[in-house]
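Engineer: Mind having a look at this structure? Questions to follow.
The values are calculated or read from the model by the stated rules, or taken from the named source; none is laboratory data. Computed from a prediction, not measured in an experiment: that's the story for all the values here. Cβ atoms come from the backbone with ideal geometry, glycine included; neighbour counts cover every protein chain shown.
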Amino acid sequence: MKRSAPRDERADDVTRPLGQGIRAERKKLGWTIAQLAQQVGLTPQAIGMIERGESDPSLSSLRRIADALGVPMFQFLLSEADRSLVVRRESRVRIAMPEDSLDYELLSSDTSGVLELLSVTLYPGSSTRSTPGSHSADECAVVVRGSVVADVAGTLTELRTGDCVTIRSGIPHRFMNNGDEDAEILMAMSPATF
């Protein structure tokens, strides 16, 4: 996983390396590396390498770490610095997952409120998860470019540009790009969980 390099100086004020963010959240709970590793099914060595920036976790590992620590994934990248009211396009916090062929961008200013807004780019053949998964937020997703297949509780529905789906908390789901062009989804989640 790579966090995209900031495109201007302001982005440096609001982002930090992923491993530092994981370490900070782990320490807030008073957990050791071994305790976190046990909670997420990784070795203490793997957690240590992630925290030192020597290794990047897979998306599924990052989700398990965030769930165990009780924070949205983007929380790891946000510094304690105040975010401005306006998030400029060039200052968005971004998580690029080249091995999964998708990118996430945080559009809202932080992850501490009751609403979180994300942009997800799905490249051809990619999906947001390998199998449907659930989280503790209501989600509304609108396709802003291309088309995707929404797998919601086992029901597959094709969504084209402009189509929207609402998914209640706890319902397993995922989005898949089965086409040959990039697709982009705008996701609103309440409360912030990503």
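Engineer: Quick one: in the range 132-170, of everything that is of a type in the set (Ser, Thr, Tyr) and in a strand (DSSP E or B), which residue is nearest to the chain's Cα centre (by Cα)?
Structural biologist: Thr166
This table checks each residue for (1) assigned by TED's automatic domain parsing to the domain that holds Asp103; (2) modelled with pLDDT of 85 or more; (3) not aromatic (Phe, Trp, Tyr).
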residue: Glu9; (1), (2), (3): no, no, yes
residue: Asp12; (1), (2), (3): no, no, yes
residue: Ala24; (1), (2), (3): no, yes, yes
residue: Lys28; (1), (2), (3): no, yes, yes
residue: Trp31; (1), (2), (3): no, yes, no
residue: Leu42; (1), (2), (3): no, yes, yes
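Engineer: It is to be established whether one or more residues within the range 58-65 are on the phi < 0 side of the Ramachandran plot and part of a loop (DSSP other than H, G, I, E, B).
Structural biologist: Yes, because at least one residue in the range 58-65 is on the phi < 0 side of the Ramachandran plot and part of a loop (DSSP other than H, G, I, E, B).
Engineer: Please give the number of the condition Arg168 fails out of (1) touching a strand residue (DSSP E or B) at 6+ places or on another chain (Cβ under 9 Å); (2) at pLDDT 95 or above; (3) loosely packed, with under 12 Cβ neighbours inside 10 Å.
Structural biologist: Among (1) touching a strand residue (DSSP E or B) at 6+ places or on another chain (Cβ under 9 Å); (2) at pLDDT 95 or above; (3) loosely packed, with under 12 Cβ neighbours inside 10 Å, Arg168 violates only (3).
Engineer: Here is a list of conditions, (1) out of contact with any Pro (no Cβ under 9 Å at 6 or more places or on another chain); (2) within 18 Å of Phe74 (Cα to Cα); (3) not in a strand (DSSP E or B), and Ala192 meets all of them except one; can you say which number that is?
Structural biologist: Status for Ala192: all satisfied but (1).
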